[in-house]
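Q: Sharing a structure, written as structure tokens. Questions coming.
The values are calculated or read from the model by the stated rules, or taken from the named source; none is laboratory data. Keep in mind the model is a prediction, meaning the values are calculated, not measured. Backbone-built Cβ (ideal geometry, glycine too); neighbour counts: all protein chains shown.
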Amino acid sequence: MKRILFLMAILCAMQSTFAQSIKVQQVVITGKVINTSTTTPKAIKANFFNPLKHNGLSVKLNDRYEFKVAEEMIFAQTMTVHYADYFIYLYVAPGDSVHLTIDATLLTKKDFSWLKITGDHGTISDQLNKANRYLDQLPYHKYDYSHSPAQLLLDFKEDYQRYLLALKDYAALHQLDPKAVELAASERKYGLANYISDYDNNDKAATIKLFGDAFFGKDDPKNFQSQMFPYYLADYLRRLTGADTTIAAATKAHQFLTAIQKGTKILLKETKGPSRDYMVYKYITSFLSQNPKLVDSIPNLKSYFTDELFYQELKNSALLLRDNTFPITPIKGIQYLDANNNPQSIPETDVFRYLAKRYPNKVIYIDVFATWCVPCRLEFQSTPSLHQSFADKDVVFVNLCLQSDVAAWQKMIKTEAIKGENYYLDNDATKLFMGIYRLDGYPTYILVKKDGKISTTRAPRPSQPALVHKAITQLL
């Protein structure tokens with residue numbers, strides 16, 4: 001009976017109503033690495049996961065191995081700091097200040113004994129890291145995609161309950177703060193939802209019903225406390241709008257304003273609140289990468305949002321997409337494969353200045369990928385035809401491998417015959433590159449103009465032949 005009551009308490013806490021108004025305040029993360037050596041990593045990336053910014057900030061550690069990063073936040077939520085091979089979970093609220101002390105001599109230990117978190121919500125963050133690590137060690141359950149949407153939902157609930165029961169036992173043994181337990185449960189729910197994000201079924205209505213089930217709490221703003229919740233909402237909106245064939249037709253014909261109007265009409269039928277606001281924001285920004293000026297052509301745009309903050313951030317996103325200027329930042333830890341597929345190190349350099357010098361007067365299409373990224377590998381299947389269509393043009397195709405094992409990179413290039421100019425960035429270089437150029441995931445595609453300046457960091461994918469062909473041709 002106690003176990004059942006525990007589970008009910010977790011679920012009720014996660015589905016409670018959201019009474020706070022949205023306030024924008026900075027969260028400041030500072031840190032220091034102690035007991036360092038010449039091999040100690042010298043860069044960190046803070047993934048704040050503000051759903052209206054959603055890119056990380058990267059910094060080099062100073063000569064004293066200290067760092068400081070800050071970002072505006074709108075929800076009390078989880079975030080991560082990526083250092084060495086670890087993701088450090090933090091629970092932060094707008095206005096918080098957190099300090100990390102990292103002992104470099106203990107980084108080989110997997111129990112977080114190398115980490116001390118002080119400042120706001122330090123104890124909760126510490127407990128959350130250890131609880132998440134414990135849950136990560138449980139056997140992975142693979143979902144059967146041949147099941148109907150209704151059955152898959154039952155499978156999901158059963159699997160999620162398995163984690164909750166394990167969390168209950170762990171919480172009792174280690175006397176976890178109830179908030180840490182709630183956060184661990186929330187992270188697990190939306191993390192598991194991400195595992196089934198590629199589920200597909202011929203019954204589109206039933207699939208939409210699956211992902212919109214009340215169990216996921218899509219309309220409860222408190223669920224924004226999980227950094228994974230916006231991913232779930234993005235998947236739900238993709239299914240809602242993807243079921244409309246007229247949207248796909250308008251997009252294929254490059255009638256983006258028509259696609260925006262049709263899609264938002266569907267989304268505005270959802271329950272008013274931050275979740276709907278976020279989905280509208282996310283949907284419209286997906287088209288702005290094609291043309292940021294579209295935001296000025298949408299009639300009555302402000303009326304689409306229940307909270308003006310989402311409208312203002314949408315306008316800011318459009319301005320940011322128009323401005324593709326970035327600070328000159330030398331990065332070291334870069335290799336490339338020569339004509340004989342032998343790795344060669346590159347001296348510390350600004351990546352885009354280096355590429356512009358090496359490939360002068362060329363349009364450069366850059367594929368940013370990771371070896372473990374399944375969508376990245378799938379996109380590579382479309383690259384041969386893309387390369388062929390520009391074989392006699394002033395276009396260079398560059399592949400940047402990030403956040404991957406160097407041996408796995410070399411093996412992938414060889415065994416999968418990845419054509420183009422192949423580069424590799426080590427862990428420190430990855431963190432800096434992703435943060436400097438405001439990239440939030442893999443794969444990402446970047447277009448560089450003939451003058452060496454970045455045209456867009458949100459270029460179309462190889463699997464979008466009409467869009468990518470038009471984008472490259474315009475720069476020629």
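Q: Since TYR140 meets every condition but one in (1) over 26 Å from THR123 (Cβ atoms); (2) aromatic (Phe, Trp, Tyr); (3) surrounded by 21 or more Cβ atoms within 10 Å (Cβ to Cβ), which condition does it not meet?
A: (3)
Q: Which condition number in (1) more than 20 Å from the chain's Cα centre (by Cα); (2) farther than 30 Å from GLU270 by Cβ is the one that LEU294 fails?
A: (2)
Q: If you don't mind, another one. Would you point out the residue of region 246-302, among those that are at pLDDT 95 or above and aromatic (Phe, Trp, Tyr), that is farthest from GLU313 (Cα to Cα)?
A: TYR283
Q: Go through region 333-393 and tell me which strands (runs of 3 or more DSSP E), entirely inside it, have 1 or more residues that are surrounded by fewer than 15 Cβ atoms within 10 Å (Cβ to Cβ).
A: Counting at least 1 such residues, we get 343-346.
Q: Kindly establish whether LYS189 is at pLDDT below 95, within 23 Å of the chain's Cα centre (by Cα), within 27 Å of ASP203 (Cα to Cα) and of a type in the set (D, E, K, R).
A: Criteria not met by LYS189.
Q: Further question: Which of the residues belonging to region 336-350 are out of contact with any Leu (no Cβ under 8 Å at 6 or more places or on another chain) and in contact (Cβ under 8 Å) with a residue 12 or more places away in the chain?
A: If the condition is that a residue be out of contact with any Leu (no Cβ under 8 Å at 6 or more places or on another chain) and in contact (Cβ under 8 Å) with a residue 12 or more places away in the chain, then TYR336, LEU337, ASN341, ILE346, PRO347, GLU348, THR349, ASP350 are the ones that fit.
Q: Can you list the strands (runs of 3 or more DSSP E) lying wholly within region 1-88 that have 1 or more residues being at pLDDT 90 or above and surrounded by fewer than 18 Cβ atoms within 10 Å (Cβ to Cβ)?
A: Of the strands (runs of 3 or more DSSP E) lying wholly inside region 1-88, those with at least 1 residues that are at pLDDT 90 or above and surrounded by fewer than 18 Cβ atoms within 10 Å (Cβ to Cβ) span 25-34, 57-60, 66-73.
Q: Checking TYR336 against (1) aromatic (Phe, Trp, Tyr); (2) more than 21 Å from the chain's Cα centre (by Cα); (3) more than 25 Å from ILE472 (Cβ to Cβ), which test does it fail?
A: The number of the failed condition is (3).
Q: Yes or no: PRO274 crowded, with 19+ Cβ neighbours inside 10 Å, touching a residue at least 60 places away in the same chain (Cβ under 8 Å) and in the same structural domain as PHE310 (by TED's automatic domain parsing)?
A: In short, yes.
Q: Oh, and also: Would you check which residues across region 124-151 are in a helix (DSSP H, G or I) and hydrophobic (A, V, I, L, M, F, W, C) and list them?
A: Passing the criteria: ILE124, LEU128, ALA131, LEU135, ALA150.
Q: How many residues are of a type outside the set (A, V, I, L, M, F, W, C), buried (at least 16 other Cβ atoms within 10 Å of the Cβ) and at pLDDT 90 or above when one looks only at region 308-328?
A: Total satisfying the criteria: 2.
Q: Report, by residue number, each residue of region 151-184 that is surrounded by 14 or more Cβ atoms within 10 Å (Cβ to Cβ), of a type in the set (Gly, Ala, Ser) and farther than 18 Å from GLY217 by Cα.
A: Within region 151-184, ALA166, ALA171, ALA180 qualify.
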